[in-house]
1. Has segment 71-94 got any residue that is modelled with pLDDT under 80, part of a loop (DSSP other than H, G, I, E, B) and on the phi > 0 side of the Ramachandran plot?
2. Starting from segment 174-199, take each residue that is without any contact (Cβ under 8 Å) to a residue 40 or more places away in the chain and list its partners that are of a type in the set (Ser, Thr, Tyr) and surrounded by 17 or more Cβ atoms within 10 Å (Cβ to Cβ), counting only C-beta distances under 8 angstrom and pairs at least six apart or across chains.
3. Could you tell me which residue of segment 111-133 is modelled with the highest pLDDT, considering only residues that are among the small types (Gly, Ala, Ser) and assigned to a strand (DSSP E or B)?
4. Of all residues in segment 47-69, how many are open to solvent by 40 Å² or more (accessible area, probe 1.4 Å), within 17 Å of residue 95 (Cα to Cα) and part of a loop (DSSP other than H, G, I, E, B)?
5. What residue, of 165, 201, 221, is basic (Lys, Arg), within 17 Å of residue 119 (Cβ to Cβ) and either open to solvent by 90 Å² or more (accessible area, probe 1.4 Å) or modelled with pLDDT of 95 or more (or both)?
6. Condition test on residue 106, is it modelled with pLDDT under 90, assigned to a loop (DSSP other than H, G, I, E, B), surrounded by fewer than 16 Cβ atoms within 10 Å (Cβ to Cβ) and not aliphatic (A, V, I, L, M)?
Amino acid sequence: VLANGVVPDANQSVAYLEYSMPVRVPVSRLRTSGRVYGRVVDGESGHGVANALVRLGPQMAITDKLGRVWFGGVPGGEHRVSMSQETSFADAVFVGDPRISVDSLRTQPTTFTFAIVRSARVNVVVRRFSVSRTGLGGKTDSLTESGAVANATLVLANPRDTLYRTANEDGEALFTDVPPGEWILSVWDDAPAFHRYEPDRMELTLAPGQAQRVAFRLIPRRRDVQLPDATVPDQPRS
């Protein structure tokens with residue numbers, strides 16, 4: 001301490017003063033509104049899926065080695081969780097409803113756990129058949145394939161999702177990335193006059209990684225033939 005700018009004498013007492021200010025460095029996750037904590041696991045083993053790119057609304061994040069992922073500042077409302085196939089294992093789909101509801105005013109984070117499994121595939125073919133007149137000697141007529149049904153709209157649906165495909169010029173359509181489970185497959189378009197699709201719908205049970213091929217047939221409807229009444233009414237006698 002200097003007295004009037006003069007160095008004190010060696011026999012005088014000297015006092016030292018020190019001033020300090022703590023440096024505030026955050027050491028925990030930022031606590032913001034709209035926080036979402038989740039975990040992605042393998043549906044077969046139950047282990048966490050690492051390095052999966054997860055999308056939640058407008059945000060993206062990558063899971064850690066235990067399959068955990070964090071989001072902050074998520075807008076309130078309902079959002080859909082999805083994954084980018086580029087950084088996840090091939091043909092992966094969520095099991096269950098991937099929608100979550102976020103309350104931006106809630107202080108506690110919204111949490112979710114989703115399992116992913118290998119997706120299924122459904123290959124559909126639609127063919128047209130016509131009647132071959134072979135009914136001789138009491139034999140029934142037969143059906144002969146007469147070509148593909150192009151541009152038919154096919155619907156694969158369950159209580160949670162509805163998927164649409166259009167048949168190409170060969171009458172084929174492919175559903176990919178289908179979550180395993182119970183599905184109903186049908187042809188959306190009405191059949192032409194005097195024709196019907198057989199079957200009218202199919203109930204499918206798809207397993208993880210399964211590839212299933214199914215077919216619809218457009219066939220003529222059987223029409224009843226009505227003969228005119230040949231009975232001649234009695235004529236009045238003269």
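The values are calculated or read from the model by the stated rules, or taken from the named source; none is laboratory data. Computed from a predicted model, the values in this text were never measured in an experiment. Cβ placement follows ideal geometry from the backbone for every residue including glycine, while neighbour counts extend to all protein chains displayed. The area values use the complete protein model at the heavy-atom level, side chains included, leaving out ligands, DNA and RNA. Shrake-Rupley method; radii C 1.70, N 1.55, O 1.52, S 1.80 Å.
1. yes
2. 191/197
3. 120
4. Count: 1.
5. 165
6. Criteria met by residue 106.
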